[in-house]
Amino acid sequence: MGDAQTGSGNDATRPLREDIRFLGGVLGDTIRDHEGPEVFDLVEKVRVEAFRVRREEVRRSAVAEMLTGVDTAVALPLIRAFSYFVLLANLAEDIQRDRRRAVHEAAGEPPQDSSLAATYRKLDAAGVRGERVAELLADALVSPVITAHPTETRRRTVFDTQTRITDLMRQRLRAAAAEQPALDREIRRQVLTLWRTALIRLSRLRIQDEIAVGLRYYELTLLDVIPAINADVRAALWARWPEQRLLPKPILRTGSWIGGDRDGNPYVTAEVVRTAAAHAAGVAFGRYLRDLVQLEKTLALSARLVPVTPAVRTLSDAGYPDPDIHADEPYRRALYGIRARLTVTAREALRTVGAGDTDAAATLPDSVAASDSPLRDFTGRGSVVSGIRPYASPQELLDDLDAVDASLRASGDGLLADDRLGTLRHTVETFGFHLQGLDMRQNSETHEEVVAELLAWAGVHQDYASLPEADRVDLLTRELRTRRPLLGPHARLSELAAKELGIIRAAAEVVGALGPEAVPNYIISMCTSVSDLLEAALLLKEGGLLDPGAAGGAPFCPTGIVPLFETIEDLAAGAATLAAALRVPEYRELLVARGMRQEVMLGYSDSNKDGGYLAANWALYRAELDLVELAREQGIRLRLFHGRGGTVGRGGGRSYDAILAQPAGAVRGALRLTEQGEVIAAKYAEPGSAYRNLESLIAGTLESTLLDVEGLGPDAESAYALMDDLAARARAAYARLVHDTPGFVDYFRQSTPVAEVGDLNIGSRPSSRKPTKSVGDLRAIPWVMSWSQARVMLPGWYGTGTALEEWVGGDPERLTRLADLYRRWPFFRTVLSNLAQVMAKSDLAIAARYAELVEDSELRERIFGMIEREHARTVAMHAAITGNDHLLADNPSLSESIHNRFPYLEPLNQMQVELLRRWRGGDDSELVKRGILLTMNGLATALRNSG
């Protein structure tokens with residue numbers, strides 16, 4: 001495998017090209033040594049031809065002709081070769097980004113946008129008043145939520161080996177000449193390990209596997225990085241507005257859907273909820289206990305040399321049971337006592353959440369429950385700790401740690417307090433006993449079915465589903481006024497109803513054991529009415545999470561009820577739906593009890609699949625405008641939760657830009673957004689990238705909250721009206737293809753590997769909500785991933801070109817108007833920038849090869865012709881509005897990435913088409929199936945955000 005250079009490089013990119021050349025050479029040597037010269041020679045010939053295709057020296061069919069008829073047994077190592085090369089190229093690009101950042105910082109250049117340093121400069125220049133900052137940052141929260149929508153196709157073993165190679169390459173950059181041979185040999189060893197490791201799984205991921213995968217990022221980065229960022233942000237804001245004492249709670253706190261999201265996932269059960277919560281809590285307790293062990297060793301300060309406060313003396317006296325052990329080391333004794341009490345807390349909490357497991361450590365992940373875990377000191381079988389009271393809350397633990405901190409500072413030892421102890425205090429403050437908030441989610445249709453069954457069983461109403469909306473609301477509000485349960489202990493329910501109530505009761509147990517932040521939200525998918533909200537409330541009541549209160553008393557529910565507006569129509573009606581709910585006293589009282597805090601989730605995936613890229617983005621923006629206005633009128637503290645996927649077609653793109661593209665007032669210090677699929681590893685697998693991505697979320701949130709970033713001023717309404725027009729045109733163009741063209745579904749299913757995506761074993765959920773062939777029932781991930789594999793990328797752009805071209809209509813003044821909005825309006829600029837990124841990854845010459853899989857030639861030519869024409873229109877209109885001579889003129893790093901990696905996609909795409917043709921032609925051998933899945937894996941790795 002050779003050099004990726006084609007003569008267009010320069011000094012800035014030379015190190016990247018050298019890294020790619022080195023890693024490609026190591027991979028090539030490995031292939032030659034272990035697969036033989038025949039395979040190596042084929043790989044080299046295909047590689048050379050792919051680069052000739054890119055340089056337009058040969059026809060696009062050249063690679064396809066080389067691969068037509070190739071033996072499947074030979075095709076498999078060829079596919080693996082190109083898959084691993086793009087993986088290694090990704091690695092080299094990540095290192096190059098770090099290298100460029102270091103050069104930038106060393107040169108003393110101003111901090112770059114999306115960094116907190118740049119944000120602080122902007123805030124200082126704006127001179128925002130402290131009172132205004134305090135008002136806007138009350139209840140500040142930035143929460144990335146890891147979801148159970150995996151498109152991460154890499155196995156963990158591959159991921160871990162890639163991480164080791166990355167570390168070795170970084171060491172290689174700093175190593176002396178004498179150290180290079182040993183490092184190179186170790187890199188060769190790891191590449192060999194990679195080559196000998198299977199790329200794809202033999203079995204589908206279980207939810208338990210997804211839980212473990214999600215939690216691994218805490219040990220890798222998040223437990224260290226998040227508390228550090230929280231401490232830094234608080235210190236920076238206090239320094240600027242000391243009188244306000246801002247951010248009493250950490251601004252950055254994480255969430256998860258893995259194990260709580262059961263919308264369309266039949267494998268989520270009450271036991272899965274307990275497992276998810278117990279394993280997360282186990283990670284938190286394990287970290288705290290390990291840190292306390294280290295603190296005991298570190299703070300062995302002698303009472304003969306250091307005075308201590310009465311509070312620490314009290315903790316010391318309650319520490320070691322033997323008063324003679326470490327008698328003159330009060331801090332060590334105090335910390336031992338804190339650790340003993342925390343261990344009892346962990347034991348009891350994990351036993352409760354773990355459904356009565358007598359060995360609390362058995363509920364922990366392997367990394368925490370290992371034989372040398374501090375938790376084993378107190379929770380192992382046969383261990384007895386008597387007379388120790390568990391902590392009732394994380395705040396009680398913090399109070400003890402704060403007492404140790406105060407004592408150290410009183411004796412002038414603040415330097416010691418700022419080290420391990422300070423880190424532990426920030427960590428506990430951030431993660432509590434629960435580590436991450438586990439959101440619950442279910443579809444409104446399921447709620448309706450279960451509520452109808454419960455009401456019928458209780459004799460309240462025998463046919464709830466037949467009631468009109470007003471009667472449903474009346475019935476539900478009557479039930480929400482009383483503490484009387486609908487069910488007795490011997491109620492016999494259907495499997496669905498029993499399962500749903502069991503899940504909610506398990507969530508109530510988790511809240512009781514780990515605190516209210518353990519299950520912070522209950523999300524209602526496809527929420528369209530007030531009764532959808534009240535049905536969820538009734539189920540929370542029946543499951544023990546919602547207490548209506550005594551007569552005349554206030555209700556209480558630690559878990560917020562969150563409507564999810566997803567389709568274009570539901571987004572448009574979202575504010576009206578919420579306004580109607582607020583007119584229901586029982587619902588409004590719930591909000592009052594929660595400090596008038598209301599979270600609303602906005603769905604990017606279904607709205608896009610429903611109406612196309614531009615219409616979906618504008619529907620989301622319009623929905624936010626309406627919700628912000630409603631919140632202002634009703635005195636609500638609104639928090640928006642953005643259901644963004646990794647791809648542009650599902651709301652992806654740079655998070656910082658996306659936050660700044662929100663309407664004025666939509667953020668107000670609070671933001672939640674989903675993190676999905678391979679994007680999670682790209683952002684959070686390594687400390688440096690985790691810090692940069694997390695700080696960009698906070699930077700965007702602070703700027704959008706405290707500064708005027710919309711940039712429209714008095715021109716806002718006319719800009720909104722213009723976008724209304726564009727969105728309507730784009731939706732119509734999208735609908736003409738996707739919803740109105742006869743045979744489109746057949747074209748989609750034949751020209752993409754959508755049927756085969758379900759075999760990729762990348763997640764626990766089925767690829768469709770229902771067993772139908774409707775696009776509407778297909779989940780957004782396979783919809784987007786299939787178009788990505790075929791290099792059409794249709795969900796990220798289709799319809800936009802027609803809308804722009806029709807609206808401009810050849811009028812230069814209208815084109816100037818759009819160009820002006822592109823310069824001034826972050827929303828419009830971000831929409832076009834993201835569109836350009838996804839179109840740059842499209843390749844209609846490759847897509848034409850996939851179109852050849854469509855059996856009906858008339859259908860093929862008609863639909864592919866529509867796609868080709870819309871693609872050309874969109875590229876042309878992007879250039880006309882932005883003034884850029886190519887799609888990635890404003891994104892040179894992505895342009896360089898495509899330049900380096902995409903020739904290696906050519907063989908993967910061509911081989912996928914060849915194998916799909918064999919598979920669908922009747923060759924159902926295991927090798928052909930495996931080859932298809934390998935190409936899908938390689939392409940997903942190369943595209944980096946595929947689903």
Scanning the range 891-947 residue by residue, the ones that are within 26 Å of residue 682 (Cα to Cα) and among the aliphatic types (A, V, I, L, M) total 12
Conditions (1) touching a Lys or Arg at 6+ places or on another chain (Cβ under 9 Å); (2) surrounded by fewer than 21 Cβ atoms within 10 Å (Cβ to Cβ); (3) in a helix (DSSP H, G or I) -> residue 316 fails only (2)
Conditions (1) hydrophobic (A, V, I, L, M, F, W, C); (2) part of a helix (DSSP H, G or I); (3) out of contact with any helix residue (DSSP H, G or I) (no Cβ under 7 Å at 6 or more places or on another chain); (4) over 30 Å from residue 923 (Cβ atoms) -> residue 12 fails only (2)
Flagged in the range 549-561 as at pLDDT 95 or above and either more than 32 Å from the chain's Cα centre (by Cα) or not in a loop (DSSP other than H, G, I, E, B) (or both), in numbering order, are 560, 561
Do we find a residue being under 18 Å from residue 669 (Cα atoms) and either assigned to a helix (DSSP H, G or I) or among the charged types (D, E, K, R) (or both) anywhere in the range 247-259? yes
- Message: For the range 506-527, check the following and say yes or no: at least one residue is hydrophobic (A, V, I, L, M, F, W, C) and either over 36 Å from the mean Cα position of the chain (by Cα) or on the phi > 0 side of the Ramachandran plot (or both).
- Response: yes
Scanning the range 220-245 for residues that are of a type in the set (Asp, Glu) and modelled with pLDDT of 95 or more, the one farthest from residue 702 (Cα to Cα) turns out to be 224
Restricting the range 854-871 to residues that are exposed (fewer than 14 other Cβ atoms within 10 Å of the Cβ) and under 36 Å from the mean Cα position of the chain (by Cα), the one nearest to residue 802 (Cα to Cα) turns out to be 869
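The rows are residues; the columns are (1) assigned to a loop (DSSP other than H, G, I, E, B); (2) surrounded by 15 or more Cβ atoms within 10 Å (Cβ to Cβ); (3) touching a residue at least 24 places away in the same chain (Cβ under 8 Å).
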| residue | (1), (2), (3) |
| --- | --- |
| 93 | no, yes, yes |
| 111 | yes, yes, no |
| 121 | no, no, no |
| 138 | yes, yes, yes |
| 143 | no, yes, yes |
Of the residues in the range 868-890, those that are under 12 Å from residue 799 (Cα atoms) and of a type in the set (A, V, I, L, M) number 3
Residues of the range 442-476 being surrounded by 13 or more Cβ atoms within 10 Å (Cβ to Cβ) and not in a helix (DSSP H, G or I), in sequence order, are 442, 443, 460, 461, 467
The condition of being at pLDDT 95 or above, more than 28 Å from the chain's Cα centre (by Cα) and of a type in the set (Phe, Trp, Tyr) holds, among 797, 807, only for 807
Considering the range 811-841, residues that are outside any helix (DSSP H, G or I) and in contact with a helix residue (DSSP H, G or I) (Cβ under 7 Å, 6 or more places away or on another chain), and then whichever is modelled with the lowest pLDDT, we arrive at 841
Those residues of the range 698-750 which are outside any helix (DSSP H, G or I) and closer than 18 Å to residue 827 by Cα amount to 707, 708, 709, 710, 711, 712
Only one of 740, 708 is charged (D, E, K, R) and either at pLDDT 90 or above or over 30 Å from residue 237 (Cα atoms) (or both), namely 740
Q. Is it the case that some residue within the range 577-588 is out of contact with any Gly (no Cβ under 6 Å at 6 or more places or on another chain), touching a residue at least 24 places away in the same chain (Cβ under 8 Å), assigned by TED's automatic domain parsing to the domain that holds residue 473 and not in a helix (DSSP H, G or I)?
A. yes
ask   = Yes or no: residue 253 among the charged types (D, E, K, R) and at pLDDT 95 or above?
value = yes
Checked 163, 151 against criteria (at pLDDT below 90, assigned by TED's automatic domain parsing to the domain that holds residue 79 and buried (at least 16 other Cβ atoms within 10 Å of the Cβ)); the one match is 163
When restricted to 79, 31, the only residue in contact with a Ser or Thr (Cβ under 9 Å, 6 or more places away or on another chain), modelled with pLDDT of 95 or more and either over 24 Å from residue 894 (Cβ atoms) or of a type in the set (A, V, I, L, M) (or both) is 79
If you go through 212, 178, the only one that is modelled with pLDDT under 95, of a type outside the set (D, E, K, R), closer than 30 Å to residue 249 by Cβ and part of a helix (DSSP H, G or I) is 212
Note on the range 794-820: residues within 16 Å of residue 747 (Cβ to Cβ) and in contact with a Leu (Cβ under 9 Å, 6 or more places away or on another chain) are 794, 798
Note: among 850, 904, just one is of a type in the set (Phe, Trp, Tyr), at pLDDT 90 or above and out of contact with any Cys (no Cβ under 7 Å at 6 or more places or on another chain), namely 850
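Okay, residues lined up against (1) in contact with a helix residue (DSSP H, G or I) (Cβ under 7 Å, 6 or more places away or on another chain); (2) closer than 30 Å to residue 242 by Cβ:
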{"site": "67", "(1), (2)": "yes, no"}
{"site": "107", "(1), (2)": "no, no"}
{"site": "129", "(1), (2)": "no, yes"}
{"site": "136", "(1), (2)": "yes, yes"}
Selection from the range 47-58 of residues in a helix (DSSP H, G or I) and closer than 15 Å to residue 846 by Cβ yields 49, 50, 53, 54
If we keep only residues of the range 243-289 that are of a type in the set (Phe, Trp, Tyr) and under 22 Å from the mean Cα position of the chain (by Cα), then the residue surrounded by the fewest Cβ atoms within 10 Å (Cβ to Cβ) is 267
query = Within the range 597-620, is even one residue without any contact (Cβ under 8 Å) to a residue 60 or more places away in the chain and touching a His at 6+ places or on another chain (Cβ under 6 Å)?
reply = yes
Residue 647 fails exactly one of (1) at pLDDT 90 or above; (2) buried (at least 19 other Cβ atoms within 10 Å of the Cβ), namely (1)
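The values are calculated or read from the model by the stated rules, or taken from the named source; none is laboratory data. What you are looking at is a predicted structure, and each value in this text was computed from that prediction instead of being measured. Methodologically, a virtual Cβ is constructed for each residue, glycine included, from the backbone with ideal geometry; neighbour enumeration extends over all protein chains shown.
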